[in-house]
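This report refers to the structure that appears directly beneath it.
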């Protein structure tokens, strides 16, 4: 445990955790997009993913209770179930792939997601249950392989016709509950151990503080401002986390 707490760059990992919670609290998305590029610059991707999944426990107290009442629960739970079922495929990819390759893929996925969000892409047809399950399954594979359960779901939610409050609630439920499922799934494949739990518990406090502050700042009438701030933070995280800086 002491060796883990002496990890070079731990202060930056904790700072990224606070920033991730802040963005997540007020925008309803972007936590992993902010955290993962920075964290994987200092610790191995499996440890970074596992620890962040543990820190998601904070959201069960700070964000989920309010979101539960606002969300489209049947359809969101369908997507959550599909994601959890398919996450082991992504975990296998993580276990058998090169670390730098994962970081490049991570940066690429985040960048494409950010560009599409800024461009304001939207769909108009009401999605079927099959479409929702497919989106959830694909998100589960991405969650297991690069620690990002959000990009596809964020695009899906923000590109639809739901109000910002419901879209935010749906996304919060999906991201929090699927993140928590990663801990046992990764442990079963031997990818994480107690180190991830310890680091995740250390991250729990800054993440909880960030989500509480973000929730306080959230105002549906100021959606545009908060999205722009979230985009700026995510873009900064991409630049910091590029594998170029470690060579």
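The values are calculated or read from the model by the stated rules, or taken from the named source; none is laboratory data. From a predicted model like this one, the values you see are computed outputs, not experimental measurements. Every residue, glycine as well, gets a Cβ built from its backbone with ideal geometry; the counts of neighbours run over all protein chains shown.
Within region 212-229, does at least one residue satisfy the condition of being at pLDDT 90 or above and in contact with a helix residue (DSSP H, G or I) (Cβ under 9 Å, 6 or more places away or on another chain)? Give the steps one after another, and end with the answer.
To start, the set of residues in region 212-229 that are at pLDDT 90 or above comprises 212-213.
Adding the requirement that they be in contact with a helix residue (DSSP H, G or I) (Cβ under 9 Å, 6 or more places away or on another chain) leaves 212-213.
Yes, some residue in region 212-229 is at pLDDT 90 or above and in contact with a helix residue (DSSP H, G or I) (Cβ under 9 Å, 6 or more places away or on another chain).
Across region 40-77, what is the number of residues that are free of Cβ contacts under 8 Å to residues at least 40 places away in the same chain and closer than 29 Å to residue 12 by Cα?
1
Taking residue 46, is it modelled with pLDDT of 85 or more, outside any loop (DSSP other than H, G, I, E, B) and exposed (fewer than 15 other Cβ atoms within 10 Å of the Cβ)? Step through it out loud before you land on a result.
Numbers: modelled with pLDDT of 85 or more: yes; outside any loop (DSSP other than H, G, I, E, B): yes; exposed (fewer than 15 other Cβ atoms within 10 Å of the Cβ): no.
Answer is no for this residue.
Working only within region 102-143, note down all residues that are surrounded by fewer than 13 Cβ atoms within 10 Å (Cβ to Cβ) and under 16 Å from residue 45 (Cβ atoms).
Residue satisfying the conditions is 108 alone.
Looking for something closer than 28 Å to residue 97 by Cα, modelled with pLDDT of 90 or more and crowded, with 23+ Cβ neighbours inside 10 Å - is there at least one such residue anywhere in region 161-171?
Filtering region 161-171 down to residues closer than 28 Å to residue 97 by Cα leaves none.
Among the residues of region 161-171, not one is closer than 28 Å to residue 97 by Cα, modelled with pLDDT of 90 or more and crowded, with 23+ Cβ neighbours inside 10 Å, which makes the answer no.
Please go through (1) more than 12 Å from the chain's Cα centre (by Cα); (2) under 17 Å from residue 145 (Cα atoms); (3) not in a loop (DSSP other than H, G, I, E, B) for residue 41 and return the number of the only condition it doesn't satisfy.
(3)
Could you list, in sequence order, all residues of region 179-199 that are closer than 9 Å to residue 53 by Cβ and crowded, with 23+ Cβ neighbours inside 10 Å?
179, 182, 186, 192, 196, listed by residue number.
Out of region 78-110, which residues are farther than 13 Å from residue 143 by Cβ, touching a residue at least 40 places away in the same chain (Cβ under 8 Å) and either more than 16 Å from the chain's Cα centre (by Cα) or not in a helix (DSSP H, G or I) (or both)?
Scanning region 78-110 gives 78, 81, 95, 97, 99, 100, 104.
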